[in-house]
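The values are calculated or read from the model by the stated rules, or taken from the named source; none is laboratory data. Everything numeric in this text was worked out from a predicted model, so none of it was measured. Cβ placement follows ideal geometry from the backbone for every residue including glycine, while neighbour counts extend to all protein chains displayed.
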Amino acid sequence: MSTHHEDRIKQLLDLMTPDEKLGQLQQLAWAWDTGPGSGSTEEAGAAARKGLLGSVLNVFGAASTNALQRIAVEESRLGIPLLFGLDVIHGYWTTFPIPLAQAAAFDPAVTETDGEIAAREARSNGVHWTFAPMMDVTHEPRWGRIAESHGEDPYLTSRYAAAKVRGHQGADLAAPDRVAACAKHFAAYGGPEGGRDYNTVDVSEQRLRNLYLPPFKAAVDAGVASVMASFNTISAVPAHANPHTLTRILKEEWRFDGLVVSDWTGVLELVAHGFAEDGAAAARRALGAGVDMEMVSTTFADHGRELLARGALTEARLDDAVARVLRLKLRLGLFERPYVDESAAVTEPTASTRAAARDAAVRCMVLLKNEGHTLPLAAGPRSIAVVGPLADTGDLLGTWTVPDAQQRFPAVTVAEGLRTAVPEAHLVCVPTGGAPGAVEDADARAVAAAASVDFTVVAVGEPPALSGEAAVRSDLELPAGQRELIEAVAATGKPFAVVLFAGRPLVVGDWLDSAPAVLLAWHPGLEAGHALADVLTGAVAPGGKLPVSFPRAVGQIPVHYNHERTGRPYDATQPDEKYVSKYLDLAEGPQFPFGHGLSYTTFTTGDPRLSRTEIPTADLSEGATVEVTVSVRNTGDRAGDEVVQLYVHDLAADIVQPVRRLRGFERVTLGAGESTEVRFLLGAEDFGYWTNDPEGVFVLEPGAIDLYAGADSTARNRCRLTIN
Ligand code: NOJ
């Protein structure tokens with residue numbers, strides 16, 4: 001905390017009326033969104049003029065933000081600048097792959113670069129604050145917001161959360177190319193029952209702390225400026241009115257001095273939850289629990305005076321909330337530089353930001369299957385068909401793009417990418433899946449094209465509209481007609497590969513056998529087609545890994561690698577055993593496990609080797625570490641990337657432990673025949689766990705820990721550490 005800022009905050013608080021204080025806690029949204037409570041720029045201007053507005057959401061662009069800012073700074077009594085917020089989730093103009101895809105790179109540098117570029121573009125357009133990164137760990141592929149997440153693992157998500165915060169915020173929030181980040185959604189939003197967005201989450205303290213909270217702690221440690229409350233309940237107490245998470249853990253235990261913002265109308269929704277009888281009670285509950293700023297609904301502003309008058313809101317709590325808003329404005333340097341230079345606004349992606357987005361998209365792709373070296377495409381003159389509903393569409397940016405980005409800067413299509421990469425090839429493109437009557441005809445033409453060329457790329461999967469907020473599916477198969485298309489192309493007997501676009505894990509089992517190669521591209525962002533061409537032609541070998549398990553069937557959900565062990569685990573050596581934890585009608589485990597991903601070359605990883613095989617708990621508690629070394633060799637005939645993964649399993653503990661927990665990963669590039677050693681340092685944090693004690697108790701128990709190293713979460717190379 002800067003004393004200079006704290007002095008300034010005190011001075012301002014002394015000058016402010018209760019209405020002005022409550023005004024700082026209000027965030028209004030511009031009216032392109034017609035949701036409840038959204039206002040207009042005129043309304044925002046009027047409120048700003050009276051000093052009754054702290055922040056605006058969804059106003060962006062240098063000229064628009066400056067115009068509104070001028071009212072706040074030059075026409076309000078105290079001249080406190082406004083904070084402009086926007087959802088910049090995976091790029092502003094330069095759209096990167098969706099966050100779930102980025103997680104598949106197993107390389108946090110990808111998200112740090114996205115964060116940096118997005119910050120530069122956004123801040124130059126007057127945006128100070130982005131509502132990212134999202135860090136909800138989830139075991140729910142039906143949930144559309146899995147696309148915005150980093151998947152099912154808290155360690156991977158934590159590494160990405162910290163990297164994105166660094167990318168957005170840099171060392172100085174006041175710099176003209178940085179924005180304040182927001183860790184969201186606090187907390188456990190990734191665990192909705194049935195996968196239905198906004199639904200109930202009932203969670204034990206240990207699961208809250210071991211699974212959902214670590215990324216938030218990592219973000220707070222990385223200096224994240226703000227945190228957003230989540231729409232769900234946490235064990236029957238809405239997150240927006242939850243003093244345990246917002247105040248006890250976040251503000252007290254973690255000493256977070258930044259701003260807690262509500263989600264869109266999240267405070268008023270306490271009434272719908274049945275947790276508050278009216279708006280006044282909602283404001284009392286939310287403010288009392290630790291929400292500082294209210295997004296869109298206006299219960300704080302409407303009822304704050306009355307709550308103060310009857311002692312239901314203390315001066316101290318109000319001042320603390322206001323101080324948090326002012327602190328962020330001071331950190332952003334808004335009192336000194338409230339406006340942006342309109343002539344310096346970034347208005348389009350540049351060659352270098354496009355190159356970064358392309359490189360990121362390449363790193364995110366996961367080769368799920370590649371029988372008989374189907375990929376990469378053979379070199380030399382040839383004919384290629386690109387067919388399928390996503391063969392020639394620019395709608396591959398993914399969920400949550402900045403308004404206008406999709407229209408102004410759509411993705412490079414698959415056909416366009418291949419046409420540019422292999423101009424010497426004869427390329428036929430047959431997009432399918434148009435108007436219902438035309439579909440069959442297009443499919444027939446697609447299959448005829450496949451029969452007549454040397455190689456076919458079948459571009460299928462989910463369009464972006466099928467994932468993201470409120471985009472929940474109960475069926476995770478390919479959209480209608482796509483399986484049939486794959487099977488018809490397969491029936492031609494000609495070589496082909498499936499390029500799969502998705503914002504979530506899909507059920508791919510039914511057509512997998514007929515497809516010799518499947519490349520998972522997710523929603524790759526602006527440079528989609530070029531990045532795909534890089535991988536399909538073999539200019540770059542794929543090296544991404546799954547950050548989520550792919551289920552065999554929807555009925556198997558949740559299926560995730562880090563599950564707890566039952567008393568009757570399934571044993572593959574006794575498949576006929578009846579009374580074990582299994583499905584009668586499904587093979588064991590997911591279709592593709594967490595961490596899975598192939599390359600155009602092959603790798604072997606050695607057994608993990610320990611710097612010591614025993615270590616006292618006392619040493620670990622004082623910060624001692626164990627070094628784990630894993631060798632990895634490229635056993636193929638071309639260069640490629642492998643992600644060496646390290647998992648731990650505590651064999652017996654006072655709380656049943658996940659069968660494996662990822663605690664280290666490193667992506668390495670190795671030439672043909674080359675090998676290297678990867679080193680991981682593990683300490684108390686990696687071997688201990690949080691108990692069910694609501695006071696927050698982390699324990700490190702003596703006992704045996706197995707460490708597994710390898711290329712996915714089923715790795716069998718193992719060694720044992722004894723903690724004594
Ligand atoms: C609702 C979403 O849950 C949240 O993630 C987003 O930041 C806000 N809307 C603002 O658009």
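So for the range 189-198 (the condition being away from the ligand (no atom under 14 Å from the Cβ), in contact with a Gly (Cβ under 8 Å, 6 or more places away or on another chain) and modelled with pLDDT of 95 or more), does at least one residue qualify?
no
Is it the case, given these coordinates, that Ala132 is buried (at least 21 other Cβ atoms within 10 Å of the Cβ), touching a Pro at 6+ places or on another chain (Cβ under 9 Å) and under 27 Å from Ser549 (Cβ atoms)? Write out each step before concluding.
Numbers: buried (at least 21 other Cβ atoms within 10 Å of the Cβ): yes; touching a Pro at 6+ places or on another chain (Cβ under 9 Å): yes; under 27 Å from Ser549 (Cβ atoms): yes.
It is true that Ala132 is buried (at least 21 other Cβ atoms within 10 Å of the Cβ), touching a Pro at 6+ places or on another chain (Cβ under 9 Å) and under 27 Å from Ser549 (Cβ atoms).
Pull up the range 233-290, narrow it to residues that are of a type in the set (Asp, Glu) and assigned to a helix (DSSP H, G or I), then point me to the one that is nearest to the ligand (Cβ to nearest atom).
We begin by selecting, within the range 233-290, every residue of a type in the set (Asp, Glu); these are 252-253, 257, 263, 269, 277-278.
If we keep only those that are assigned to a helix (DSSP H, G or I) as well, we get 252-253, 269.
Details: Glu252: 25, Glu253: 24, Glu269: 11 Å.
Once the filter is applied, the top-ranked residue is Glu269.
Is there a residue being among the aliphatic types (A, V, I, L, M), assigned by TED's automatic domain parsing to the domain that holds Ser675 and touching a Ser or Thr at 6+ places or on another chain (Cβ under 7 Å) anywhere in the range 616-628? Don't jump to the end; show me each part of the working.
At the first step, the residues of the range 616-628 found to be among the aliphatic types (A, V, I, L, M) are 618, 620, 624, 626, 628.
Then keep just the ones that are assigned by TED's automatic domain parsing to the domain that holds Ser675; that gives 618, 620, 624, 626, 628.
Right, trim to touching a Ser or Thr at 6+ places or on another chain (Cβ under 7 Å) and you get 626.
Yes, the range 616-628 contains at least one residue that is among the aliphatic types (A, V, I, L, M), assigned by TED's automatic domain parsing to the domain that holds Ser675 and touching a Ser or Thr at 6+ places or on another chain (Cβ under 7 Å).
Specify which of the listed residues (Gly91, Gly79) is surrounded by fewer than 24 Cβ atoms within 10 Å (Cβ to Cβ), of a type outside the set (Asp, Glu) and part of a loop (DSSP other than H, G, I, E, B). Spell out how you get there, then give the answer.
On the way: Gly91 fails: surrounded by fewer than 24 Cβ atoms within 10 Å (Cβ to Cβ).
Matching residue, one of Gly91, Gly79: Gly79.
Would you check if His128 is under 19 Å from Leu520 (Cα atoms) and touching a Phe, Trp or Tyr at 6+ places or on another chain (Cβ under 7 Å)? Lay out the reasoning, then the answer.
Values: under 19 Å from Leu520 (Cα atoms): no; touching a Phe, Trp or Tyr at 6+ places or on another chain (Cβ under 7 Å): yes.
Criteria not met by His128.
Scan the range 526-540 and give yes if some residue there is assigned to a loop (DSSP other than H, G, I, E, B) and crowded, with 24+ Cβ neighbours inside 10 Å, otherwise no. Before you say what the answer is, go through the steps one by one.
At the first step, the residues of the range 526-540 found to be assigned to a loop (DSSP other than H, G, I, E, B) are 526-527, 537-540.
Those left that are additionally crowded, with 24+ Cβ neighbours inside 10 Å: 526-527.
The answer is yes; a qualifying residue exists.
So in the range 670-691, with the set limited to residues that are without any contact (Cβ under 8 Å) to a residue 60 or more places away in the chain and of a type in the set (Val, Ile, Thr), which one is farthest from Thr604 (Cα to Cα)?
That would be Val678.
Table: residues versus (1) farther than 20 Å from Thr299 by Cβ; (2) among the polar types (S, T, N, Q); (3) away from the ligand (no atom under 16 Å from the Cβ).
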{"site": "Gly23", "(1), (2), (3)": "no, no, yes"}
{"site": "Ala29", "(1), (2), (3)": "no, no, no"}
{"site": "Ala44", "(1), (2), (3)": "no, no, no"}
{"site": "Arg49", "(1), (2), (3)": "yes, no, yes"}
{"site": "Val59", "(1), (2), (3)": "yes, no, no"}
{"site": "Asp87", "(1), (2), (3)": "yes, no, no"}
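Starting from the range 125-138, keep only residues that are on the phi > 0 side of the Ramachandran plot, then list their pairs with residues that are of a type in the set (Val, Ile, Thr) whose Cβ atoms are within a distance under 8 Å, requiring at least 6 positions of separation or different chains.
The qualifying pairs are Gly126/Val59; Gly126/Thr65; Gly126/Val340.
Checking the condition surrounded by fewer than 20 Cβ atoms within 10 Å (Cβ to Cβ), at pLDDT 95 or above and under 30 Å from the mean Cα position of the chain (by Cα), which residue from Glu469, Glu487 passes?
Working: Glu487 fails: under 30 Å from the mean Cα position of the chain (by Cα).
Matching residue, one of Glu469, Glu487: Glu469.
Among the residues that make up the range 50-68, is at least one of them closer than 16 Å to Glu20 by Cα and assigned to a helix (DSSP H, G or I)? Working first, answer last.
Taking the range 50-68 first, the residues closer than 16 Å to Glu20 by Cα are 50-56.
With the extra rule that they be assigned to a helix (DSSP H, G or I), the set shrinks to none.
Looking through the range 50-68, none of the residues is closer than 16 Å to Glu20 by Cα and assigned to a helix (DSSP H, G or I).
Restricting to the range 557-574, give me the number of residues that are touching a residue at least 12 places away in the same chain (Cβ under 8 Å) and either surrounded by fewer than 19 Cβ atoms within 10 Å (Cβ to Cβ) or among the acidic types (Asp, Glu) (or both). Break it down stepwise before answering.
Residues of the range 557-574 that are touching a residue at least 12 places away in the same chain (Cβ under 8 Å), as a first pass: 557-566, 568-570, 572.
Now drop any that are not either surrounded by fewer than 19 Cβ atoms within 10 Å (Cβ to Cβ) or among the acidic types (Asp, Glu) (or both), which leaves 558, 563-566, 568-570, 572.
Going through the range 557-574 one residue at a time, the tally reaches 9.
Anything in the range 133-185 that is in a loop (DSSP other than H, G, I, E, B) and within 16 Å of the ligand (Cβ to nearest atom)? List them, or say none.
Applying the first criterion (in a loop (DSSP other than H, G, I, E, B)) to the range 133-185 yields 133, 135-143, 149-153, 170-179, 181.
Selection gives Pro133, Met135, Asp136, Val137, Thr138, Glu140, Trp143, Ser149, His150, Val179, Ala181.
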